[in-house]
Amino acid sequence: MFSTMSIRVKLFSLLLLTIVSLGLLSALMYVSTQDTKEFGQIESKIEKLQSDMLMLRRNEKDFILRKDLKYKQKFEKNINVLINDIRYLKKHLQSQNIENNKLTLFSKFVLEYKNDFYDFVKNQEEIGLHPKDALYGSLRASVHKIQDYAKKSKDYELLAKVYDLRKQEKDFMLRLDLKYVDKYSKKIDALSLEFTNNSELINNLYSYKEDFLSLVGAQQRIGLSSKLGVQGTMRKTIHKAETLLSTLAKEIKNTTSQKIENMIQFSLIISALLILILITFILLIIRSITSSLVSFQDGFLNFFKYINKESKHIELLEENSEDELGKMTKLLNKNILKTKQLMEEDEILIEEVKKVVSLVKDGKLLQEIKASTSNDSLDELKTSLNDMLETISNNVADDVNEIQKALEKFHNLDFSYRITSSKGAMVDSLNSLAETISEMLRQNKTTGLRLEISSNELLKNVKNLSKSSNEAAASLEETAAAIEDISSVMSDTTSDVSKMTSNANKLNTSVKEGEDFAKQTTLAMDDINKEVESINEAIGVIDQIAFQTNILSLNAAVEAATAGEAGKGFAVVAQEVRNLASRSAQAAKEIKDLVEHATTKANTGKEIANKMIAGYAGLNKNIENTLSLINKIETASSMQQNSIHQISNSINLLDKQTQENANVASITQDIALETQDIALVIVKNANEKEFTGKNSIQAREIPLKEETNDFLVIQNSKQVLQIEDKKAVNKNIAINSAKFIQDDSNDEWESF
């Protein structure tokens, strides 16, 4: 099937199959991802339901504790959110074919919880959300009427019994125990029997009792504990809802996990099938292509073995395919036949070339290749070789052996030999070269003799320069040592002045801190005065309390005396209260005296602190003046030190330059000696060679120009150190020794 298909069609089919497989896998992955995402949303909504339930419980507890209707509004808002979440979750469960009966039951429990909470709020509103509201307010108004009646009639016994009734009332409200209701009923009934003739009081007591019993009834409906009444019902409902929600969450989590696992297994099976189909198709195509490639490779290798002379015979390739490789096989067979014919013609031409090359190796350059071939490249190469041999014979020589003989003479330093038995451009060039070398050797010998005389004169001048440079360097070293001693003294002085500045700064800081502490002391004294004034006011209040207590004790003593025998104990207590009031007044007076004394001391301390601040200010000013003088001294000392440092640097620079001059003189002397040796070697080498006119060269005196002495120029804004040595040897030799020019923007020498 694949043998009739082209490689392009095979690869395109493979690509198409791969794209289809990837498309199916992508679609499968997309569906799986969407389902997984929806399962995640379901689990997230379950967690959201649990969070919503906790928020409802929180709103419930907040309302129970704070009795505020805003928590009812929050409850309504959150219950609506919970119901919407239940609807959303039910919709997604239906889309995934997951059983949702428990979710419906949970929704029913939520609605029951909602109704129970609203019933609870309604009963609480009936009782009252604050002390002045509903039954709370009515109960309070009724008991206040009875209390007002008792106070107006000054019936303290009635007032005491009313207080006892209120105690039973509060005990019930705090403990929610019906025994306090029984006690309340008995006591209020007994109280009603005592005042049967007072219709107003009886009506008030009846209203008070009815309001209290109504409050008790409403509280019983709400529940005297968390397990009774509406609270108990609400608690049971919410517990059932939470338990059901927890069970539902576990079941949904297990169901989604199982569905995700099944989906993954299905995806893996489909993926494996697609990959298996794709691999099978790939292997079939690879097998089809590789079989053709192996056949083509074997034939191609045999062809190259024939071309590389590894094989003397060549076989044509098998043509058993219609694809691109089959077409290449047919084309290769045609070229094999053509190449075989060309290679046979090339072998004949190459054999003749070998013969010509053998003659050329013997030095016979005037040869010609006469064989021909169909290979244009080799034929062109034959023509090029013939042209090359003709050109070489014309440009070099007919016989290379003559050139080799002349080169051997030159190697033995005999430049007087000339070629006469051969023709060619190189022959003429070698003869001309021999004449040129002879002329150069004559000039070298002349130059060597002159260089020898010049080097002797240079050695004399270099010795004088080296001696002068060494003497100048010694003098500059002594001057530099003296400058370094002065610089060291100035550095120590500057260091001492810096230490004085540092100590003065520390003293200035300490004075400022002392001044700050004195100011803080003044502020603290002011704060003490303010506190003392507050204490005086408190003592005045205590004194007034003691006075009022004393008056009240006197009144109590008078009342006790009026009461007679029954008031004796109360008279003793009144006397003790009066004694305590007297002692409190005496203690308040003593504290007042101590506070006034402390105020005087604080004012004295404040005056002393103010004097300290003034003293610190004057001391700080004197220190700042001293510090200013020290800074000026430090600045002047630093400037002097910088000047000394600049002088030292200048001297060190001169010392370095002098040493460099001495070093240059030493190096120049070495160069002069080496030049003298070179001159001797040049003359010696020239004498060792054979050339025309060798014995006619003699040494001659070389006229020298007048020498110009070294000079040093120092100007106002520049330092110029220029040394020139000029010696002229003939008209073309001039040696300029060393030039050094240094420009500075500051007139350091003038400052020195």
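The values are calculated or read from the model by the stated rules, or taken from the named source; none is laboratory data. The model shown is predicted, which means the values in this text are computed figures rather than measured ones. Backbone-built Cβ (ideal geometry, glycine too); neighbour counts: all protein chains shown.
The figures follow:
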item	result
Sole exception among (1) over 30 Å from ILE252 (Cα atoms); (2) of a type in the set (Val, Ile, Thr); (3) surrounded by fewer than 16 Cβ atoms within 10 Å (Cβ to Cβ) for ILE83, by number	(1)
Condition met for ASN308 (crowded, with 17+ Cβ neighbours inside 10 Å, modelled with pLDDT of 70 or more and of a type outside the set (A, V, I, L, M))	no
Number of the condition not met by GLU43 [criteria: (1) loosely packed, with under 14 Cβ neighbours inside 10 Å; (2) among the charged types (D, E, K, R); (3) farther than 23 Å from TYR118 by Cα]	(1)
Residue count, segment 93-117 (criterion: closer than 26 Å to SER225 by Cα, surrounded by fewer than 16 Cβ atoms within 10 Å (Cβ to Cβ) and not hydrophobic (A, V, I, L, M, F, W, C))	2
Scope segment 625-673; condition in contact (Cβ under 8 Å) with a residue 12 or more places away in the chain and aliphatic (A, V, I, L, M); matching residues	LEU627, ILE630, ILE633, ILE644, ILE647, ILE651, LEU654, ALA662, VAL664, ALA665, ALA672, LEU673
Yes/no for LEU165 being buried (at least 16 other Cβ atoms within 10 Å of the Cβ) and assigned to a helix (DSSP H, G or I)	yes
Pair list, Cβ < 6 Å and 6+ apart or interchain, from segment 47-62 residues that are more than 14 Å from TYR113 (Cβ to Cβ) to residues that are assigned to a helix (DSSP H, G or I) and not hydroxyl-bearing (Ser, Thr, Tyr)	LYS48/ASP85
Test: residue in segment 270-277 that is without any contact (Cβ under 8 Å) to a residue 24 or more places away in the chain and over 47 Å from the mean Cα position of the chain (by Cα)	yes
Filter result for THR604 (assigned to a helix (DSSP H, G or I) and at pLDDT 80 or above)	yes
Any hit, segment 283-293, residues being of a type in the set (S, T, N, Q) and under 49 Å from the mean Cα position of the chain (by Cα)	no
Test: residue in segment 215-237 that is assigned by TED's automatic domain parsing to the domain that holds ASN100, among the aliphatic types (A, V, I, L, M) and farther than 30 Å from LEU178 by Cβ	no
Filtered residue count, segment 421-452, keeping only those that are at pLDDT below 75 and among the β-branched types (Val, Ile, Thr)	1
Residues being within 14 Å of SER666 (Cα to Cα) and free of Cβ contacts under 8 Å to residues at least 12 places away in the same chain - total across segment 437-464	2
Qualifying residue in segment 127-137 (condition: touching a helix residue (DSSP H, G or I) at 6+ places or on another chain (Cβ under 8 Å), under 21 Å from ILE238 (Cβ atoms) and not in a helix (DSSP H, G or I))	no
Single condition GLU690 does not satisfy, out of (1) exposed (fewer than 13 other Cβ atoms within 10 Å of the Cβ); (2) in contact with a strand residue (DSSP E or B) (Cβ under 6 Å, 6 or more places away or on another chain)	(1)
Hits in segment 26-57 (condition: under 21 Å from ILE252 (Cβ atoms) and among the charged types (D, E, K, R))	ASP35, LYS37, GLU38, GLU43, LYS45, GLU47, LYS48, ASP52
